[in-house]
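Enquirer: A single structure is presented below for examination.
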Amino acid sequence: MTATKRVYLFGNGKAEGKADMKNLLGGKGANLAEMNLIGVPVPPGFTITTDVCTEYNTIGEAKLRELLMDEVKNAVAYVENLMGMQFGSNENPLLVSVRSGARASMPGMMDTILNLGMNDDAVQGIIKKTGNERFAWDSYRRFVQMYGDVVLGLKPQSKEEEDPFEVIIHNMKHDKGVKNDVDLSADDLRQLVQLFKKAVKDNTGHDFPNDPWDQLWGAIFAVFDSWNNDRAILYRQLNGIPHEWGTAVNVQAMVFGNMGETSATGVCFSRDAATGENIFNGEYLINAQGEDVVAGIRTPQEITLEGSHRWAKLAGVSEEERAAKYPSLEESMPKAYQELFDTQRKLELHSKDMQDMEFTIQEGKLWMLQTRNGKRTGFAMVKIAMDMLKEGLIDEKTALLRMEPGKLDELLHPVFTKAALADAHILAKGLPASPGAATGQIVFFAEDAEDWAKKGHKVVLVRTETSPEDLRGMNVAQGILTARGGMTSHAAVVARGMGKCCVSGAGSIVIDYKARTLSVAGKVLKEGDWISLNGSTGQVLEGKVDTQDPELSGDFAKVMELADKHTRMKVRTNADTPKDASVARNFGAQGIGLCRTEHMFFEGDRIKAMREMILADDEKGRRKALNKLLPMQRSDFEGIFTAMDGFPVTVRLLDPPLHEFVPHEEAQQADIARELGIDLSKVIERVNSLHEFNPMLGHRGCRLGNTYPEITEMQARAIIEAAINVQNKGVKVFPEIMVPLIGTLAEFELQEKIIRETADKVFAETGTKVQYLVGTMIEIPRAALTADKIAASAEFFSFGTNDLTQMTFGYSRDDAGVFLPVYLQKNLLKNDPFQILDQEGVGQLVEMGTSRGRSTRPDLKVGICGEHGGEPSSVEFCHRVGMNYVSCSPYRVPIARLAAAIAAIR
Ligand code: PEP
Ligand code: MG
């Protein structure tokens, strides 16, 4: 048996890993290896695999440390060798960074420790070597602070607690009468180290670990532990990342961006992650470490001169001030800039995707610390893929596979109308960090955003800067506004990943968290006031601003064209009105897969006739009321058939429980009694008799039509008459009449008989015919199990996976909201099965129903019309099962088209 390899080395142009080992090495580790292999300068280091994280969770720290010991010792020796430095040396000390890195990037969610290996000897070694006392002590105090926070658990757990280290720094600055960290002297920093260590002892009862090996083991396990911190778990839930994956740990020789004016650190993108434009861009800080850039604490400077000019214009900074105070890297370090520019180009060409990179310049020399495929907005996703296709970097299939269908949603959302923008009062300008339009009420805390959103408010989360703790609040907000931070700040990166509108670094805004106000341009806005954000221009607007539907041309249209070229399944829509039908048609829907006729009964006078029908004592009474409904239904169908000219329309017979249509308040019951000229007591009696304990499993679906055949008769007549009427006007019409909620063949056959007899009658009366189909929904497990029998009569199947999920899980659709959130939180369920089809369980019934149905009727047309029909992973499943089409709500049609194409390519 070969021993399990747990540690992979890289450095000096060699590596044990490579790019396609992301599952084992995490994204960061695999790419660090790959960068070595293609000659990009990367500080040497090693990666402990993601499997070890899983192992750690089962066997615990002590055992695992034993298993890892030899490999980690070798790996450190390897790095020492390459760097010509030693761990803990007072001559030439090696410092390392210890960073997380999962298969899928989870920006900022897990932990990082920098400057590890620093101790009282090492600091002397660094002073000797660099002659830079301030730098040495600054690195030391940063290390104690970070290690104390992350590994020793001193980081505050709530907003009320203060970080003990920040308090110490604050007091020190106050005593010395200085404003910024950079104004503290080497001696001040030396004192800070002592004070920090004392705080550690006071808080934990233990001395701060001086031995670099103790430090290293502590850090490795802290990074593994951070896989299971709350925000990482939440991020995985939001992004569908499995909890089993685990994170790798990357240990890498430190290089320093804080060694003075010829050192810098930054983050850059090979294309614009917000708009997708092919423009190299990014931000950096001179004399800083990486944490300073992402934390959004200092205002970072642009990397390119072009970007710098653009930034200055947005921020209202004059050219003199810009050049003097905020020069671009292109100006301040032209040589390093050129090298960085060439490297990013090389990395993009190598990976054939937009790269998000971290770098450090140490005394003029460039080092790359990370590269990964950059997170991007839906807009950027589409533009980058289409541009790369044009540039010949990728082919059509790859371009489609690059897309996350769900992200198209952003392109389908409203934008501010030109007129509203012209009238709007601009409060401030920030950076266009993530495009889109957002309007909502101001809240200042992530928890409030959650509370308010739960109560149905639209909120905009306003913060000085955001941190990973704010994730939940950001997720429910319409948009995010920050006063500080650049395009690579936490808020900007996370918002883009979420496809959420974000304006960052609106520097003129002053936030008072205590008073819950923001002041800008002489105005004070309170919590709850309305504000609007234009994430495409960075404008912050006062009040609510009107929006309009977006334009779906250009690259978007090209993506859809490509999708249709490579797809097999058709996409239809669920629509009950001509308006919805034409919206969906504009989005490319090829027919209606579900027209829920009960939705047509709620409006205006119809509800009256409907109630009259329900309250009637006998068939005669019901027929009288149904006769009033017939013309209304007929004209609805005419409208829908016309809107879908040339495409099939599946009309489902009446489905909901009857009691939904009758009032339960006595005052309204009295109104009805008066309108219908009957006794109130009779209305009450009838309403009570309609009461069901479990209406979703009660008198609905075909059970209605089978107990009251006259309802089916009326609906069939309305459909066929409407079809004939529009056909006479030249519309191409293909009605498909669908029977809901059947469990047995006999239930279907009785409905079919009524429908066909009615149609024949109408044909005889009018002397005209139309082609039509009669099929059924498969939404009761028994129907799926006996699909071979049902298909003998039914001409098509449409899986109603909402009900099928309800009945397979035994979760009442109306009541699951109480326990599902808890189930998700406790990981009893991976997803809400009403949103994402449970392929393992419910999926079996879908597969079985399809194959059994086709065993009787090989050309059986099969589709899905439950909510899952617009959810990308479920669409992919439907493709695999061999469905002919999926049907979803109008706004999800483009998403489903893309998902269907991707499924076909895969
Ligand atoms: C279904 O059950 O999946 C379905 C589409 O029907 P409804 O949601 O109307 O019950
Ligand atoms: Mg249903």
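Enquirer: What is the one condition in (1) under 19 Å from Ala495 (Cβ atoms); (2) surrounded by 16 or more Cβ atoms within 10 Å (Cβ to Cβ) that Gly240 does not satisfy?
Expert: (2)
Enquirer: Sort through Asp20, Asp51 and tell me the only one that's closer than 25 Å to Arg103 by Cβ, touching an Asp or Glu at 6+ places or on another chain (Cβ under 9 Å) and among the acidic types (Asp, Glu).
Expert: Working: Asp51 fails: touching an Asp or Glu at 6+ places or on another chain (Cβ under 9 Å).
Selected residue: Asp20, the only one of Asp20, Asp51 that is closer than 25 Å to Arg103 by Cβ, touching an Asp or Glu at 6+ places or on another chain (Cβ under 9 Å) and among the acidic types (Asp, Glu).
Enquirer: Looking at region 648-670, which of its residues are surrounded by 14 or more Cβ atoms within 10 Å (Cβ to Cβ) and away from ligand 2 (no atom under 16 Å from the Cβ)?
Expert: Residues satisfying the conditions are Pro648, Val649, His659, Phe661, Val662, Pro663, Gln669, Ala670.
Enquirer: Of everything in region 730-751, what is away from ligand 1 (no atom under 16 Å from the Cβ) and part of a loop (DSSP other than H, G, I, E, B)? Give them in sequence order.
Expert: Gly730, Val731, Lys732, Val733, Thr744
Enquirer: Of the residues that make up region 115-135, is at least one touching a residue at least 12 places away in the same chain (Cβ under 8 Å) and within 25 Å of Leu234 (Cβ to Cβ)? First the steps, then the outcome.
Expert: Step one: list which residues in region 115-135 are touching a residue at least 12 places away in the same chain (Cβ under 8 Å), which gives 115-126, 128-130, 132-135.
Next cut, within 25 Å of Leu234 (Cβ to Cβ) only: none.
No; the residues of region 115-135 include none that is touching a residue at least 12 places away in the same chain (Cβ under 8 Å) and within 25 Å of Leu234 (Cβ to Cβ).
Enquirer: Looking at this structure, is Gly639 under 30 Å from Ala477 (Cα atoms) and open to solvent by 10 Å² or more (accessible area, probe 1.4 Å)? Show your work before the answer.
Expert: Working: under 30 Å from Ala477 (Cα atoms): no; open to solvent by 10 Å² or more (accessible area, probe 1.4 Å): yes.
It is false that Gly639 is under 30 Å from Ala477 (Cα atoms) and open to solvent by 10 Å² or more (accessible area, probe 1.4 Å).
Enquirer: What's the total number of residues in region 707-754 that are away from ligand 2 (no atom under 16 Å from the Cβ), open to solvent by 10 Å² or more (accessible area, probe 1.4 Å) and either modelled with pLDDT under 95 or closer than 24 Å to Ala783 by Cα (or both)?
Expert: Adding up the residues that qualify gives 12.
Enquirer: Follow-up question, since we're still on this one. Out of curiosity, is Arg674 assigned to a helix (DSSP H, G or I), charged (D, E, K, R) and open to solvent by less than 60 Å² (accessible area, probe 1.4 Å)? Give the derivation first.
Expert: Values: assigned to a helix (DSSP H, G or I): yes; charged (D, E, K, R): yes; open to solvent by less than 60 Å² (accessible area, probe 1.4 Å): no.
No.
Enquirer: Oh, and also: Quick one: in region 847-872, which of the residues that are more than 22 Å from the chain's Cα centre (by Cα) and open to solvent by less than 10 Å² (accessible area, probe 1.4 Å) is nearest to ligand 1 (Cβ to nearest atom)? Please lay out each step first, then the result.
Expert: The first filter runs over region 847-872 and keeps only residues more than 22 Å from the chain's Cα centre (by Cα), leaving 847-865.
Keeping just the survivors that are open to solvent by less than 10 Å² (accessible area, probe 1.4 Å) gives 849-850, 853, 860, 862-865.
Working: Gly849: 13, Thr850: 15, Gly853: 17, Leu860: 18, Val862: 14, Gly863: 11, Ile864: 8, Cys865: 5 Å.
Checking each candidate, the answer is Cys865.
Enquirer: Now for a separate question. When Gly26 is evaluated against the numbered criteria (1) at positive phi; (2) open to solvent by 30 Å² or more (accessible area, probe 1.4 Å), which criterion, by number, is the only one it fails?
Expert: (2)
Enquirer: Out of region 576-591, which residues are more than 16 Å from ligand 2 (Cβ to nearest atom) and either among the hydrophobic types (A, V, I, L, M, F, W, C) or more than 27 Å from the chain's Cα centre (by Cα) (or both)?
Expert: Kept after step one, since they are more than 16 Å from ligand 2 (Cβ to nearest atom), are these residues of region 576-591: 577-591.
The answer is Thr577, Pro578, Lys579, Ala581, Ser582, Val583, Ala584, Phe587, Ala589, Gln590, Gly591.
Enquirer: Taking the condition of being of a type outside the set (S, T, N, Q) and either surrounded by 15 or more Cβ atoms within 10 Å (Cβ to Cβ) or touching a Phe, Trp or Tyr at 6+ places or on another chain (Cβ under 9 Å) (or both), how many residues in region 810-822 meet it?
Expert: First, the residues of region 810-822 that are of a type outside the set (S, T, N, Q): 810-811, 813-822.
Then keep just the ones that are either surrounded by 15 or more Cβ atoms within 10 Å (Cβ to Cβ) or touching a Phe, Trp or Tyr at 6+ places or on another chain (Cβ under 9 Å) (or both); that gives 811, 813, 816, 819-820.
Number of matching residues: 5.
Enquirer: I need the full set of residues from region 556-570 which are closer than 16 Å to Val875 by Cβ and within 23 Å of the chain's Cα centre (by Cα), in order please. Step through it out loud before you land on a result.
Expert: Residues of region 556-570 closer than 16 Å to Val875 by Cβ: 559-560, 563-564, 566-570.
Of everything in region 556-570, those that are closer than 16 Å to Val875 by Cβ and within 23 Å of the chain's Cα centre (by Cα) turn out to be Val559, Met560, Ala563.
Enquirer: Criterion first (of a type outside the set (Gly, Ala, Ser) and either open to solvent by 40 Å² or more (accessible area, probe 1.4 Å) or closer than 18 Å to Asn239 by Cα (or both)) does Val875 satisfy it? Full working, then the answer.
Expert: Details: of a type outside the set (Gly, Ala, Ser): yes; either open to solvent by 40 Å² or more (accessible area, probe 1.4 Å) or closer than 18 Å to Asn239 by Cα (or both): yes.
When the stated conditions are applied, Val875 passes them.
Enquirer: Given the residues Gly775, Gly817, Gly800, which is the only one that is modelled with pLDDT of 95 or more and more than 13 Å from ligand 2 (Cβ to nearest atom)? Before you say what the answer is, go through the steps one by one.
Expert: On the way: Gly817 fails: modelled with pLDDT of 95 or more; Gly800 fails: more than 13 Å from ligand 2 (Cβ to nearest atom).
Step by step, each of Gly775, Gly817, Gly800 is checked, and only Gly775 is modelled with pLDDT of 95 or more and more than 13 Å from ligand 2 (Cβ to nearest atom).
Enquirer: Also: How many of the residues in region 179-203 are under 23 Å from Ala288 (Cβ atoms), free of Cβ contacts under 8 Å to residues at least 60 places away in the same chain and open to solvent by 40 Å² or more (accessible area, probe 1.4 Å)?
Expert: 9
Enquirer: Among the residues of region 474-529, count how many are of a type in the set (A, V, I, L, M, F, W, C) and assigned to a helix (DSSP H, G or I). Working first, answer last.
Expert: Step one: list which residues in region 474-529 are of a type in the set (A, V, I, L, M, F, W, C), which gives 474, 476-477, 480-481, 483, 487, 491-495, 498, 501-503, 506, 509-511, 515, 518, 520-521, 524-525.
Next, from what is left, pick out any that are assigned to a helix (DSSP H, G or I): 474, 476, 491-495, 498.
Residues that pass the stated criteria total 8.
Enquirer: Please determine whether any residue of region 389-396 is assigned to a helix (DSSP H, G or I), of a type in the set (Lys, Arg) and open to solvent by 60 Å² or more (accessible area, probe 1.4 Å). Even if it seems obvious, please write down each step before you answer.
Expert: Initially, region 389-396 is screened for residues assigned to a helix (DSSP H, G or I), giving 389-390, 396.
Narrowing further to those that are of a type in the set (Lys, Arg): 390.
Filter once more, keeping what is open to solvent by 60 Å² or more (accessible area, probe 1.4 Å): 390.
Among the residues of region 389-396, at least one is assigned to a helix (DSSP H, G or I), of a type in the set (Lys, Arg) and open to solvent by 60 Å² or more (accessible area, probe 1.4 Å), which makes the answer yes.
Enquirer: Let me ask something else. For region 873-906, name all the residues that are polar (S, T, N, Q), over 18 Å from the mean Cα position of the chain (by Cα) and at pLDDT 95 or above.
Expert: First, pick out the residues of region 873-906 that are polar (S, T, N, Q): 873-874, 884, 887, 889.
This time we only want the ones that are over 18 Å from the mean Cα position of the chain (by Cα), so: 884, 887, 889.
Once the filter is applied, which keeps residues that are polar (S, T, N, Q), over 18 Å from the mean Cα position of the chain (by Cα) and at pLDDT 95 or above, region 873-906 yields Asn884, Ser887.
Enquirer: Anything in region 775-809 that is of a type outside the set (A, V, I, L, M, F, W, C), open to solvent by 10 Å² or more (accessible area, probe 1.4 Å) and either over 29 Å from the mean Cα position of the chain (by Cα) or closer than 19 Å to Val651 by Cα (or both)? List them, or say none.
Expert: Matches in region 775-809: Pro781, Arg782, Thr786, Asp788, Lys789, Ser793, Glu795, Asn802.
Enquirer: Could you grab the pairs with beta carbons closer than 7 Å, sequence gap of 6+ or different chains, first residue in region 793-813 and under 16 Å from Met738 (Cα atoms) and more than 12 Å from ligand 1 (Cβ to nearest atom), second one acidic (Asp, Glu) and in a loop (DSSP other than H, G, I, E, B)?
Expert: Cβ pairs passing all conditions: none.
Enquirer: Sticking with this one: Checking the conditions here, which among Asp636, Asp617 is away from ligand 1 (no atom under 16 Å from the Cβ), among the acidic types (Asp, Glu) and more than 22 Å from Gly775 (Cα to Cα)?
Expert: Details: Asp636 fails: more than 22 Å from Gly775 (Cα to Cα).
Sole residue among the options that is away from ligand 1 (no atom under 16 Å from the Cβ), among the acidic types (Asp, Glu) and more than 22 Å from Gly775 (Cα to Cα): Asp617.
Enquirer: Still on this model: Please enumerate the residues belonging to region 468-486 that are touching a residue at least 60 places away in the same chain (Cβ under 8 Å) and within 19 Å of the chain's Cα centre (by Cα).
Expert: Step one: filter region 468-486 for residues touching a residue at least 60 places away in the same chain (Cβ under 8 Å), giving 468-469, 471-472, 475, 482, 484-486.
Those that are touching a residue at least 60 places away in the same chain (Cβ under 8 Å) and within 19 Å of the chain's Cα centre (by Cα): Pro468, Glu469, Leu471, Arg472, Asn475.
Enquirer: I need a count of the residues in region 832-874 that are touching a Cys at 6+ places or on another chain (Cβ under 6 Å) and in contact (Cβ under 8 Å) with a residue 60 or more places away in the chain. Before you say what the answer is, go through the steps one by one.
Expert: So the first thing to find is which residues in region 832-874 are touching a Cys at 6+ places or on another chain (Cβ under 6 Å), and the list is 864, 869-870.
Then drop every residue that is not in contact (Cβ under 8 Å) with a residue 60 or more places away in the chain, which leaves 864, 869.
Residues in region 832-874 being touching a Cys at 6+ places or on another chain (Cβ under 6 Å) and in contact (Cβ under 8 Å) with a residue 60 or more places away in the chain: 2 in total.
Enquirer: Under 26 Å from the mean Cα position of the chain (by Cα) and at pLDDT below 95, is that true of Glu542? Working first, answer last.
Expert: On the way: under 26 Å from the mean Cα position of the chain (by Cα): no; at pLDDT below 95: yes.
No.
The values are calculated or read from the model by the stated rules, or taken from the named source; none is laboratory data. In this text the structure is predicted, and so the values were computed from the model without any measurement. Cβ atoms come from the backbone with ideal geometry, glycine included; neighbour counts cover every protein chain shown. Quick note on the areas: whole protein, heavy atoms, side chains included, nothing else; ligands and nucleic acids left out. Shrake-Rupley method; radii C 1.70, N 1.55, O 1.52, S 1.80 Å.
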